[in-house]
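Peer 1: First, the structure itself, so that you have it in front of you.
The values are calculated or read from the model by the stated rules, or taken from the named source; none is laboratory data. The shown structure was predicted, so the numbers you read here are calculated from the model rather than taken from an experiment. For neighbour counting, all protein chains shown are included, and Cβ atoms are generated from backbone atoms with ideal geometry for every residue, glycine included.
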């Protein structure tokens, strides 16, 4: 992302810069959801945002940087939720595991509710087999997989669940959640109404299989 331009934080110039940057990201997100990240051009983004092409480079270095900025809130909030879950698993008891995973499910559901369109872009691009996902998408997908495997390993090693293959368990859970979220968000249903219940039921199904 380009270096911040002059102006005190919270001042008029700073507020204008933030508004313009958000307008650019909103325009890019709408276009990428409609056409895919690969098909969208910088010219299309600035035209939809109502700004000159030269202004684009005040807020982003290239299109990949735009995707990274769009996903930044999701990435940060998901990472924080996974960090909290990991800490709880390391110190938790066997009887606490259901509650720990349900808290994680609730927190991730809230992320989806706050950032539904950003999450949909991630799912749309991560699931597209015909082309390579943008780096920011692939990095988030890889991080989710590795962190989910690590959480399963921690729970297993602390005796909270029976011995299972962490990779199989993680990929099964992630695949189910991805499919559910994609179906819900593509239908434009309110994710905060449906996803928490579905996720809680999925957690219950998984735990029945791995608690032993």
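Peer 1: Only one of 30, 81 is under 19 Å from residue 148 (Cα atoms) and touching a helix residue (DSSP H, G or I) at 6+ places or on another chain (Cβ under 9 Å). Can you tell me which?
Peer 2: Working: 30 fails: under 19 Å from residue 148 (Cα atoms).
From the options 30, 81, the qualifying one is 81.
Each row is one residue, and each column tells you yes or no for (1) surrounded by 14 or more Cβ atoms within 10 Å (Cβ to Cβ); (2) within 14 Å of the chain's Cα centre (by Cα).
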residue: 36; (1), (2): yes, no
residue: 51; (1), (2): yes, no
residue: 56; (1), (2): yes, no
residue: 92; (1), (2): yes, no
residue: 99; (1), (2): no, no
residue: 112; (1), (2): yes, yes
residue: 115; (1), (2): yes, yes
residue: 123; (1), (2): yes, yes
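Peer 1: While we're looking at this one, here's another question. Hey, among the residues in region 59-98 that are modelled with pLDDT under 95 and in a loop (DSSP other than H, G, I, E, B), which one's farthest from residue 23 (Cα to Cα)?
Peer 2: In this case the residue turns out to be 93.
Peer 1: If you don't mind, another one. Tell me, yes or no, whether region 124-134 has at least one residue that is without any contact (Cβ under 8 Å) to a residue 24 or more places away in the chain and over 24 Å from residue 68 (Cβ atoms).
Peer 2: So far as region 124-134 goes, no, none of its residues is without any contact (Cβ under 8 Å) to a residue 24 or more places away in the chain and over 24 Å from residue 68 (Cβ atoms).
Peer 1: List, please: which pairs have Cβ atoms under 7 Å, are six or more places apart or on different chains, and start with a residue in region 167-184 that is under 13 Å from residue 108 (Cβ atoms) and end with one that is in a helix (DSSP H, G or I) and modelled with pLDDT of 80 or more?
Peer 2: 173/148; 174/144; 174/145; 174/148; 178/123; 181/112; 181/119; 181/123
Peer 1: Do we have residue 42 as in contact with a helix residue (DSSP H, G or I) (Cβ under 7 Å, 6 or more places away or on another chain) and modelled with pLDDT of 90 or more here?
Peer 2: yes
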